[in-house]
Amino acid sequence: MRYESKPMKRIGDVFENQNSTVSYDLSGLRFLHCGVDTIKQLFDCVPREDVLEKLANHYDNKKTDLIVFGEHAWRFSRAGKTSGYQYLLKNLEIGFVVLLKSFYHEADKQGPHLKIEVTPESVERYGLNRLTKELHTVGSLFADSLIASGVAVHMALDMKGLELPEDFEQRLVTRAQRQLKVTGISNAAYDARGAAFIYGQNQTYMFGSASGLQFCCYDKTEEANHSDKIDFWEDIWKRTPGAENPEDTEYKRGDQVHRVEFRFSHRIIKEFENGNLLKTGEYICIREPRDLTKHLRGLWLYALNNFRLQHSTTYMHPIWQKLIEDIQWQDIHPDFVYSRAQKIAQTDTSKRNVAMFIGNYLKLAARKGLKPEVCVKHILSAGLDSDVAQYFGLLLYGNSSELESMLMEFVEEKLIFHRMNGVGTNQSINAVPF
């Protein structure tokens, strides 16, 4: 359920409802840091043959986990198949984790073979524009013909003095329709599209799916101490001048810092790219960090509305109102209206026919035990690739590698779903011929 909420009256950091019967004083809430925390960059490319040969030989004859590329040592291992990639190379000193060689595409052909994850330290060091260039530099160590195909981003706000209401979970309005609650960890809620977890005494909240849009609220001080990153974050928090004495710092060692974080997967960013911004008559690509710059505030406001904290059915909670009104991001573009669209214009009949075609095929494929890459090739060779592209909301028909990548993710998920529901057994399948 979605509420049409309105902001409260505000004088400074004091918030009241229309009748002044409810009052919140948020003067103790201080923002310490607002920025991009993590970047995950996807590339379509062709892995370098000499790199793959070196990795294979090193794995077969390794005496150490270290391997050198581009004058940097990388910790090398095979990635799990659930990642979709064959190799993992990690160097947290320079701030990059490289996933290389898709399990589902031939190595000598252009495809989604490379993902580079960037640590918060590197995001802070480079900034989004320089980071874009650095990602291409790192990517070129491992692959040729690099084409940025997607980007995931974590947006974070650190603050001290945050006091969430005891019924925070009940007041938070989301699109999730919870079906089950489990007590023990201390609390968890699940639904088909995501989950919510609460650890300890309201220390960590997590809502949504990692493959979609995820909202987290947690004790950043505790997490930074646990991950041994407290020195890095304290240096950033100390940049905020004190409220009473601007020559002093707002953050003092020992202060409890909470983080509100929204994690946009590359799928969600593509849905914005495909579905919104069209009201301006301009097509926008959001494929790499520098593309994000002027859209950060729009994404921030969208996330706050998608996970909205309410005071009541009438009023937005003042904490959320303050996050909306006081947090600014660089390069705001006022002309964009942010809304997601997974599909572009297509008649209901066409969409239904495409859905039946793919759905029934995948049921039969699950029963036969076909692999995802085989299913994708069959679907794309049926002569209906333009209809399939429209169904998945691709505005630029002809970008076959992007369509193949998106279809692969969809097929993998559906085959697992069917097999978990027993379709892979000798049950009868009520499939419509196509």
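Of 59, 104, 87, which residue is touching a Phe, Trp or Tyr at 6+ places or on another chain (Cβ under 9 Å) and either in a strand (DSSP E or B) or surrounded by 18 or more Cβ atoms within 10 Å (Cβ to Cβ) (or both)?
87
Check off (1) farther than 13 Å from residue 43 by Cβ; (2) touching a residue at least 24 places away in the same chain (Cβ under 8 Å); (3) touching an Asp or Glu at 6+ places or on another chain (Cβ under 7 Å); (4) in a strand (DSSP E or B) for residue 159 and give me the number that stays unchecked.
Failed condition: (3).
So which residues in the range 321-353 are modelled with pLDDT of 90 or more and closer than 25 Å to residue 266 by Cβ, if there are any at all?
Selection gives 323, 327.
From the list 149, 122, which one is open to solvent by less than 20 Å² (accessible area, probe 1.4 Å), outside any strand (DSSP E or B) and either within 20 Å of residue 62 (Cβ to Cβ) or polar (S, T, N, Q) (or both)?
122 is the lone residue from the list that is open to solvent by less than 20 Å² (accessible area, probe 1.4 Å), outside any strand (DSSP E or B) and either within 20 Å of residue 62 (Cβ to Cβ) or polar (S, T, N, Q) (or both).
Failed condition for residue 296, given (1) open to solvent by less than 10 Å² (accessible area, probe 1.4 Å); (2) within 30 Å of residue 146 (Cα to Cα); (3) touching a Ser or Thr at 6+ places or on another chain (Cβ under 6 Å), with all others met?
Checking residue 296 against (1) open to solvent by less than 10 Å² (accessible area, probe 1.4 Å); (2) within 30 Å of residue 146 (Cα to Cα); (3) touching a Ser or Thr at 6+ places or on another chain (Cβ under 6 Å), the one that fails is (3).
Of all residues in the range 211-265, which are of a type in the set (Phe, Trp, Tyr) and free of Cβ contacts under 8 Å to residues at least 60 places away in the same chain?
218
Restricting attention to the range 395-430, and to residues there that are modelled with pLDDT of 85 or more and of a type in the set (D, E, K, R), which single residue is surrounded by the fewest Cβ atoms within 10 Å (Cβ to Cβ)?
Checked the range 395-430; the qualifying residue surrounded by the fewest Cβ atoms within 10 Å (Cβ to Cβ) is 413.
Against the conditions (1) part of a strand (DSSP E or B); (2) more than 22 Å from residue 114 (Cβ to Cβ); (3) in contact with a Gly (Cβ under 6 Å, 6 or more places away or on another chain), where does residue 28 fall short? Just the number, please.
In the conditions (1) part of a strand (DSSP E or B); (2) more than 22 Å from residue 114 (Cβ to Cβ); (3) in contact with a Gly (Cβ under 6 Å, 6 or more places away or on another chain), residue 28 misses (1) alone.
Residues are listed down the side, and each one gets a yes or a no for (1) in a helix (DSSP H, G or I); (2) without any contact (Cβ under 8 Å) to a residue 60 or more places away in the chain:
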| position | (1), (2) |
| --- | --- |
| 10 | no, no |
| 74 | no, yes |
| 77 | no, yes |
| 82 | yes, yes |
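Given (1) surrounded by 15 or more Cβ atoms within 10 Å (Cβ to Cβ); (2) assigned to a strand (DSSP E or B), identify the lone condition not met by residue 144.
(1)
So residue 218 passes all but one of these: (1) open to solvent by 70 Å² or more (accessible area, probe 1.4 Å); (2) within 23 Å of the chain's Cα centre (by Cα). Which condition number does it fail?
That leaves (1) as the condition not met.
The values are calculated or read from the model by the stated rules, or taken from the named source; none is laboratory data. Note that the structure is a prediction, hence the values are computed from the model and not measured. Neighbour counts run over all protein chains shown; Cβ positions are idealised from the backbone, glycine included. Calculation scope for accessible area: heavy atoms of the full protein, side chains included, ligands and nucleic acids excluded. Shrake-Rupley method; radii C 1.70, N 1.55, O 1.52, S 1.80 Å.
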